[in-house]
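Novice: Quick one: this structure, given as structure tokens, is what I'll be asking you about.
The values are calculated or read from the model by the stated rules, or taken from the named source; none is laboratory data. Source: prediction; values computed, not measured. Cβ atoms come from the backbone with ideal geometry, glycine included; neighbour counts cover every protein chain shown.
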Amino acid sequence: MAIDSVLLRCSSCRTVNRVPAQRLPEHPRCGKCGSVVDFPRTPAEVTGRTFDHEILDHPGYVLLFFWASWCAHCKGMFPVIEELARELAGIVKVGLINTEQEPRLASLFNIMAVPRLTLYRNGRVMDELDGAASKPKLISWIESHLQT
């Protein structure tokens, strides 16, 4: 990924920190309180209660995966989504919304079919991708939206 720095919110004092991307493996510390600024390395389960905190409040990029347990394409994409969460940790946060368990969110976002991927930046929708996609296609799609 061609990105110079990322924005990460300190979970202790809520300060947004700009961290050089190459320093993410070094466990960066908050410039205000000195706490380690942690970031998810696995997909976050998102619910109606946690949506604002997990998605809208995140200061950087979020890849949101809408899925359902009955969807074979969704199940096939789970390994790719988990790999992306690990490989893009600190650069792109990955969230999961189970549309069966969260019908209000599915309705709010007009989810008529799954899988759907939505890319956010600073709490705003940048783009959406409907249907299953390969890992190379997803990486290309995400990279096309990252700003250096």
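Novice: Filter region 2-51 down to residues that are more than 30 Å from Thr99 (Cα to Cα) and either assigned to a loop (DSSP other than H, G, I, E, B) or among the β-branched types (Val, Ile, Thr) (or both), then give me how many there are.
Specialist: Of the residues in that region, 18 qualify.
Novice: Can I ask one more? What residue, of Arg86, Arg116, Arg9, is charged (D, E, K, R) and at pLDDT below 95?
Specialist: Values: Arg86 fails: at pLDDT below 95; Arg116 fails: at pLDDT below 95.
Arg9 is the lone residue from the list that is charged (D, E, K, R) and at pLDDT below 95.
Novice: I'd like the residue in region 54-83 that is within 19 Å of Pro115 (Cβ to Cβ) and of a type in the set (Asp, Glu) and, out of all such residues, is modelled with the lowest pLDDT.
Specialist: Residue satisfying both the conditions and the ranking: Glu54.
Novice: Of everything in region 37-53 that's in contact with a strand residue (DSSP E or B) (Cβ under 7 Å, 6 or more places away or on another chain) and at pLDDT below 95, which residue is surrounded by the fewest Cβ atoms within 10 Å (Cβ to Cβ)?
Specialist: Taking the candidates together, the pick is Pro40.
Novice: I would also like to ask the following. Given the criteria assigned to a loop (DSSP other than H, G, I, E, B), surrounded by 14 or more Cβ atoms within 10 Å (Cβ to Cβ) and out of contact with any helix residue (DSSP H, G or I) (no Cβ under 8 Å at 6 or more places or on another chain), does His73 qualify?
Specialist: Spelling it out, it is not the case that His73 is assigned to a loop (DSSP other than H, G, I, E, B), surrounded by 14 or more Cβ atoms within 10 Å (Cβ to Cβ) and out of contact with any helix residue (DSSP H, G or I) (no Cβ under 8 Å at 6 or more places or on another chain).
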